[in-house]
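Q: Below: one structure in structure tokens.
The values are calculated or read from the model by the stated rules, or taken from the named source; none is laboratory data. Fair warning: this is a prediction, and the values are worked out from it, not measured in the lab. Ideal geometry is used to build each Cβ from the backbone, glycine not excepted, and the neighbour counts take in all protein chains shown.
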Amino acid sequence: FLIFAFQPIALPHHGGSDLLALHLRGMFICFVLAAGLIVIFMTRINRNLRERDAYLADLRQRSAEEDHIVRMGLLASGAAHELGTPLSTISVILSDWRQMRGVKRSRELSEDVAEMQAQIERCKSIVTGILMSSGHARGEGTIRTTIRQFLDDLVQEWRLSRQPIKLDYSNGFEPDEQIVSDTALKQVIFNVLDNAQEASHDWVGITAERQDEKLVFIVKDRGPGFDKDILAALGQPYMSSKGRPGGGLGLFLVFNVVRKLGGDVSARNMAEGACVTLSLPLAALTDGGDREI
């Protein structure tokens, strides 16, 4: 009916009432909107691709670092096994020397032999720690303690073994928390303290405090500070100003172990010296699960 009853309507063709003009304007608006949506979508797609590439690059970097750490662990474990026999041999020889008449009569020789025996025992302790922590699952070599006790014992052990000229230590961690410690975490803090002492023989400052649900461990020194290039690439292997083979591996291990615990490491130069801050989540320290370092 509508086909046969169709009657064309006469419409004026001028100005704003021109239907063709309205049609063209509508098409133009649609094209603009479509172009805008395409630009937005392409921008987001490019951004997602860049983020994916950055994420994959980060994964590759971490994989390379993990592989490097595994190789270092294997080498350390092998070296520890190899060092066991010569250290025991030297210890026996020193014990025999100490019983010799000439050594007994000389106070200086007796003190020298006693000092060598003490250093041998320290080497044995280090080797034992390496064997306990190199590739073993969590639970072997771990110790249940509190954060305050762990830090106090750690700093006291470091003070006795390194004998710094002046050490300012402040443990303000309150309230205390039960934790599970192990040799890897202990070695991380030792590495930071050793670097501070090498840079500043006359003074090292240590502060421990609680910030929300994190343990914040701050180490300061009065040395020359970090070079700008090293500070920018801090945590990368072999980035060191010491100029010796293997330099920079200490902080490389610090960064990786702290990262595995879910924490972070920051370093900055001060007006006099440098400051390194370790921030560790309490959940990672108090977790008795299957976490491995």
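Q: Among the residues of the range 206-227, which ones are on the phi < 0 side of the Ramachandran plot, within 20 Å of the chain's Cα centre (by Cα) and not charged (D, E, K, R)?
A: Of everything in the range 206-227, those that are on the phi < 0 side of the Ramachandran plot, within 20 Å of the chain's Cα centre (by Cα) and not charged (D, E, K, R) turn out to be Ile206, Thr207, Ala208, Gln211, Leu215, Val216, Phe217, Ile218, Val219, Phe226.
Q: Among the residues of the range 95-117, are any under 30 Å from Asp67 (Cα atoms) and either modelled with pLDDT of 85 or more or outside any helix (DSSP H, G or I) (or both)?
A: no
Q: Given the criteria surrounded by 10 or more Cβ atoms within 10 Å (Cβ to Cβ), touching a helix residue (DSSP H, G or I) at 6+ places or on another chain (Cβ under 8 Å) and modelled with pLDDT of 70 or more, does Glu65 qualify?
A: Yes; evaluated as a whole, the condition is true for this residue.
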